[in-house]
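A short worksheet on the structure shown next.
The values are calculated or read from the model by the stated rules, or taken from the named source; none is laboratory data. Just so it is clear, the structure is predicted and the values come from calculations on it, not from any experiment. Glycine gets a Cβ as well: all are built from the backbone with ideal geometry, and neighbour counts include every protein chain shown. SASA here: full protein model, heavy atoms, side chains in, ligands and nucleic acids out. Shrake-Rupley method; radii C 1.70, N 1.55, O 1.52, S 1.80 Å.
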Amino acid sequence: MAVIVVLLSSGGSGSSPRAGRAPSLGSVGFALGHAGTPFGENFWGQALPSSTPINPNSATYVNEIDQALADSSPVSRDCFLSTTGAPPLYVVPGNQPRVQVTRQYAYNQHLSDTVLAGGIPIPPSAEQSTNTDHTMIIFQPSTDTLWELWRVRKDSSGSWQIGWGGKMTDVSQSDGIWPRRAGTSATGVSLIGVVVRIEELQDGQIDHPVDLELPRTIVLDRHTLPANTPATTVPYSWPADRPPDGVSSNPHAVPEGLRLRLDPSLDLNSLNLSPVAHTIAVAAQKYGFIVENTGPDCNIKLGNPQPYLAAGLPNPYQALFGSDYGPDYSPKVMANFPWSHLQALPFNYGQPSRP
């Protein structure tokens, strides 16, 4: 029988050391065990200066988000906290056996050469997310390698298959953005960089930008360029690197990849926020949100508890959310969140200059 232990780890590249909660099943961890992301010294861990300029469309974007929240159901002013939509995270040791993985659709040379070649160290206890994306993250610190996988399943013989994904090497030196044909997110940003991990909520500190999914009806489609951006030739904002999946042809709709922040002058301690909402709000002031995807409603992805449950551990969200816990809908947890105090940052804000 595998043994459940708790590991304490020092911070990796681009993150400050902090003894985080890193439960595991045997040698397979369910958390990074340190603050921040596994990426290099770049925008992921850089706090936004209070003097960061505001996008000329900021008021329009924030009004669109505010109106979408007012129209949301079952209760207005709610942004869903999804604990089942994010990929389960497995941090595997260097000696984790690699298993052969095939594509569940037609053969694809690019996927075969870049992701599937050599196998993937998926642990026997691993499970994909239960939503329709069926995603999974495998991170192997000893080889500095990351796999983010989409449409993961086992075939009738018990062998793993995927629909698509990405394999990133030299993660600690990476900018955390997948090449255009790789990855699982709609924008190309690595999900391990934007999803709020369980141990971060337990520690009350998030040291990176936060994932934000907006209704597709208020996000630009792939044929419409954003207003007031005369130099742009694409309908998305860095760090996004691929066409968006919004459906709005209004040039004042929100571009995917856009970075937003909470007004840095706002006193969060005066808002009577829950501990979870306060932790997210502090990160939204310091690092901001990234519009990472679209859906039917506003949604923030939180770490998936499936690995904890499969290991026989209590669901951590029952302690974090209390009686308000629900896998998607926890209105009391986000009560009083100051959405109307969002500020949109300039188009392509933070994009490194091309050499």
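Checking the structure you have, find out if any residue of region 204-223 is among the hydroxyl-bearing types (S, T, Y) and in a loop (DSSP other than H, G, I, E, B).
Here is the first cut: in region 204-223, the residues among the hydroxyl-bearing types (S, T, Y) are 217.
Retained after the next criterion (residues that are in a loop (DSSP other than H, G, I, E, B)): none.
Scanning region 204-223 turns up no residue that is among the hydroxyl-bearing types (S, T, Y) and in a loop (DSSP other than H, G, I, E, B).
Take L320 and tell me if it is at pLDDT below 95, outside any loop (DSSP other than H, G, I, E, B) and either aliphatic (A, V, I, L, M) or open to solvent by less than 20 Å² (accessible area, probe 1.4 Å) (or both).
Against the criterion (at pLDDT below 95, outside any loop (DSSP other than H, G, I, E, B) and either aliphatic (A, V, I, L, M) or open to solvent by less than 20 Å² (accessible area, probe 1.4 Å) (or both)), L320 qualifies.
Pick out the one residue from L81, L89, L111 that is modelled with pLDDT of 95 or more and buried (at least 20 other Cβ atoms within 10 Å of the Cβ).
Unique residue meeting the criteria: L89.
Going through region 130-152 one residue at a time, which ones are among the charged types (D, E, K, R), modelled with pLDDT of 95 or more and open to solvent by 40 Å² or more (accessible area, probe 1.4 Å)?
The answer is R151, and nothing else.
Just the residues that are over 16 Å from the mean Cα position of the chain (by Cα), in contact (Cβ under 8 Å) with a residue 60 or more places away in the chain and open to solvent by 40 Å² or more (accessible area, probe 1.4 Å), please, taken from region 202-248.
The answer is Q202, D203, G204, R216, T217, N228.
Hey, any hits in region 271-287 for a residue that's of a type in the set (D, E, K, R), part of a loop (DSSP other than H, G, I, E, B) and open to solvent by 20 Å² or more (accessible area, probe 1.4 Å)?
Checked against the condition, which is being of a type in the set (D, E, K, R), part of a loop (DSSP other than H, G, I, E, B) and open to solvent by 20 Å² or more (accessible area, probe 1.4 Å), region 271-287 yields no hits at all.
With respect to G29, determine if the residue is touching a strand residue (DSSP E or B) at 6+ places or on another chain (Cβ under 6 Å), closer than 30 Å to T143 by Cβ and buried (at least 16 other Cβ atoms within 10 Å of the Cβ).
yes
Among what's in region 170-190 and is touching a Phe, Trp or Tyr at 6+ places or on another chain (Cβ under 8 Å) and of a type in the set (A, V, I, L, M, F, W, C), pick the residue that is surrounded by the fewest Cβ atoms within 10 Å (Cβ to Cβ).
In this case the residue turns out to be V171.
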